[in-house]
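Right, one structure below, let's go through it.
The values are calculated or read from the model by the stated rules, or taken from the named source; none is laboratory data. Quantities reported herein were computed from a predicted structural model and do not represent experimental measurements. Neighbour counts are summed over all protein chains in view; Cβ atoms, including those assigned to glycine, are modelled from backbone coordinates with ideal geometry. For the accessible areas, the whole protein counts, side chains as well, though only heavy atoms, and no ligand, DNA or RNA atoms are used. Shrake-Rupley method; radii C 1.70, N 1.55, O 1.52, S 1.80 Å.
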Amino acid sequence: AYAFTKTGSTFKSLDLINTVLIKAKSGTITDKEIQWAKKSLNNGFIFSFLEPRKIALQQMKLEYDQLPDNYLLSYRDKIENVKAQDISRVAATYLDENNRIFLILGDTKGFGTPLTSIGKPVIINPAD
C-alpha cells in the first residue's frame with residue numbers, strides 16, 4: 001500500500017492504511033467498501049493508456065511480471081470477480097503484521113509523533 005499526503009498527515013495516513021490492512025486480514029471489509037474499490041480501480045484503469053509512455057509502462061510491467069498477453073483484456077473482469085472471501089484469504093496469507101516495513105519519505109520534522117503501532121522508526125538522513 002502507498003499514499004501521497006501532506007507532511008503533517010503522514011502518520012494519520014499510515015494509521016488509515018494499517019486499519020485497512022487489519023480489516024482485510026480479519027475479514028471485516030464491507031461489501032460497500034469492496035464495491036468502492038472495484039469502481040475506483042476500474043474507473044482509473046483507462047488512465048493507464050492515455051499516453052504512449054504509459055502504454056509502454058503497462059507492456060513492460062506485463063513482461064516483468066510474466067503475465068499472459070491477454071492479461072489487460074481480462075483485468076477489469078477479474079477485478080469485478082473479487083469477493084470478500086478472496087481478500088480475507090490472501091490477506092491472511094500475505095499480511096503479517098509483525099513483518100511489515102514502512103518507508104516514509106519527507107521532512108521528518110513535520111511528521112509529528114510516530115505511531116506506537118508501527119514500532120520505533122529508523123530515520124535515514126540523506127547526505128547534504
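Over the chain, with the other protein chains present, what is the accessible area per residue in square angstrom, probe 1.4 angstrom? Please list the in-between numbers first.
On the way: 10520 Å² over 128 residues.
For the chain, the solvent-accessible area averages 82 Å² per residue.
Pairs of Lys residues in segment 28-128 that lie 8 or more places apart, or on two chains, and have C-alpha atoms under 13 angstrom apart add up to 4. Which one is right for this structure if Cα Rg over 2.2 N^0.38 Å is calculated from it: (1) 1.28; (2) 1.01; (3) 1.57? Looking at Cα Rg over 2.2 N^0.38 Å for this model, the match is (1).
Counted residue by residue at 0.36 nm each, then reduced by the alpha carbon distance between them, the extension gain from Y71 to A37 reaches 10.3 nm. For L57 and T113, the FRET efficiency from 1/(1 + (r/R0)^6), where r spans their Cβ atoms and R0 equals 41 Å, is about 0.65. Entry note, the chain: the mean residue ellipticity at 222 nm calculated from DSSP H runs of n ≥ 4, each adding -39500 (n - 2.57), is -16500 deg cm²/dmol after division by the residues and rounding to the nearest 500.
At a Förster distance of 35 Å, what's the computed FRET efficiency of I123 paired with E80, Cβ-Cβ distance as r, to 0.05? Kindly include the intermediate steps, with their values, before the conclusion.
On the way: r = 42 Å, r/R0 = 1.21.
The formula returns an efficiency of 0.25 here.
Between the listed residues L41, N125, L57, the Cα displaced farthest toward the positive end of the dipole of the chain, a dipole computed from Cβ unit charges relative to the Cα centre, is found at L41.
On the accessible surface of the chain, probed at 1.4 Å, how many percent belong to carbon and sulfur atoms? Carbon plus sulfur share of accessible area: 58 percent.
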